[in-house]
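The values are calculated or read from the model by the stated rules, or taken from the named source; none is laboratory data. Only a predicted model underlies this, so the values are computations on that prediction, with no experimental measurement involved. A quick note on method: Cβ atoms are made from the backbone with ideal geometry, for glycine too, and the neighbour counts reach across all protein chains shown. Ligands, DNA and RNA are stripped out before the accessible areas are found, and what is left, the full protein with its side chains, is counted by its heavy atoms. Shrake-Rupley method; radii C 1.70, N 1.55, O 1.52, S 1.80 Å.
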Amino acid sequence: LYVPPPSAKYLATDGTRLIMAGAWESSASSGETTPATSRVWFTRPLGATDQGDDESITSTADSRYWIDIDDPRGSGITALHQIGGVVYVFFKESVWRLLATGQSDTPYRSEQVSTSAGAISQSATVVGQMPGSTEDAIYFVSVSGLYRIGSLGALEWLGRDVVPRNYSTYMTGIGLGYDSLRRDIWIFVTTGSAARFVINVD
């Protein structure tokens, strides 16, 4: 019941559990969680045992609090976000979501949202709002342009022009930010000297 979590690269919460993805380490000692680049871990709900519920990963014969997501390209997780109580897991060229099962031993199952678009990095994602609405949305830069996923789960392509053509120079330097007052998505691209772009979501 009390297996230490990995040194996760990405962290989110669904309101009751901590959700972790990816791992900085490549191996584990006896009694530790086995790291994996395409694995998502989750803790017990806070208050379930009142004994380190947010500090350990359950891994028993009946309960396994982690999911290996079978991305067909075999790549690692690149980003993690939560909106509307649903956790979204990003790979470079695919997106998945974790859906509650209502079963305590396997509380989540994974479902693929996109088979071609994904986030190039955590910094190339941001949570903002849908146009003319208070509904949350995840904006992310993929190799094929800018996308967004609303809290109702719809995936939208917003355009390719925000992605620089020279991937080898630019792709590692893209970052997104959200200005909630102006409802602007800020797209930052750095290569040698900084360049800045702005898209208004309304």
field: Selected residue [touching a helix residue (DSSP H, G or I) at 6+ places or on another chain (Cβ under 7 Å) and at pLDDT 90 or above] from A124, A79, A119
entry: A79
- prompt: Taking segment 87-122, which residues are over 17 Å from S151 (Cβ atoms), of a type in the set (K, R) and either without any contact (Cβ under 8 Å) to a residue 12 or more places away in the chain or not in a loop (DSSP other than H, G, I, E, B) (or both)?
  reply: R109
message: Please go through segment 38-51 and give me each residue that is surrounded by 11 or more Cβ atoms within 10 Å (Cβ to Cβ), assigned to a loop (DSSP other than H, G, I, E, B) and either touching a residue at least 12 places away in the same chain (Cβ under 8 Å) or polar (S, T, N, Q) (or both), ordered by number.
response: S38, T43, R44, P45, L46, T49
- line: Taking segment 60-83 and the residues there that are open to solvent by 60 Å² or more (accessible area, probe 1.4 Å) and of a type in the set (G, A, S), the one that is nearest to V113 (Cα to Cα) would be G74
message: Are there strands (runs of 3 or more DSSP E) fully within segment 147-202 with at least 2 residues that are out of contact with any Leu (no Cβ under 6 Å at 6 or more places or on another chain) and at pLDDT 85 or above? List them.
response: 155-159, 174-179, 184-191
statement: For segment 52-70, pairs from a residue that is without any contact (Cβ under 8 Å) to a residue 24 or more places away in the chain and of a type outside the set (V, I, T) to a residue that is open to solvent by less than 70 Å² (accessible area, probe 1.4 Å) and assigned to a strand (DSSP E or B), with Cβ under 6 Å and 6 or more apart or across chains, are none
